[in-house]
Amino acid sequence: MKQITILIILALIATVISIVMGIGSMTRGAAYDDKHSGQLMNARILFQGIACALAPYRFIRGLSRTEAPAPSTEDQKIKRTSSMGWVIYKYSDPLTLTRRG
């Protein structure tokens, strides 16, 4: 998994935790809620902003990345047998089929 994806997941988890803590703060009472509600809301907004800023960046980077296919050599071919008895050799070019004898 990419590092940016891990950061997005961590930011989302931190957002959910801060929301749950905020709800818990409201249930505890007025004095506690008055003291901590602003801090928890600011934390939620921060984590949510990080997740919202990183998600489009990850999406755009994923779209722009092109990977070159591996060079095809005899050592790198993959041999598979289909259900009808065909042996399939897959290279970076189209499939080559041969019939098992």
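Read the figures in this text as sums done on the coordinates, not as results from a lab. Small disclaimer: the values here were computed from a predicted structure and weren't measured. Neighbour counts are summed over all protein chains in view; Cβ atoms, including those assigned to glycine, are modelled from backbone coordinates with ideal geometry.
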Open item on the list: Quick check on my filter: what residues within the range 1-47 are closer than 24 Å to Arg61 by Cα, in contact with a Ser or Thr (Cβ under 9 Å, 6 or more places away or on another chain) and crowded, with 16+ Cβ neighbours inside 10 Å?
Closed with: Phe47
Task: Scan of the range 16-59 for residues that are of a type in the set (Gly, Ala, Ser) and over 22 Å from Lys2 (Cβ atoms), ordered by number - done: Ser18, Gly22, Gly24, Ser25, Gly29, Ala30, Ala31, Ser37, Gly38, Ala43
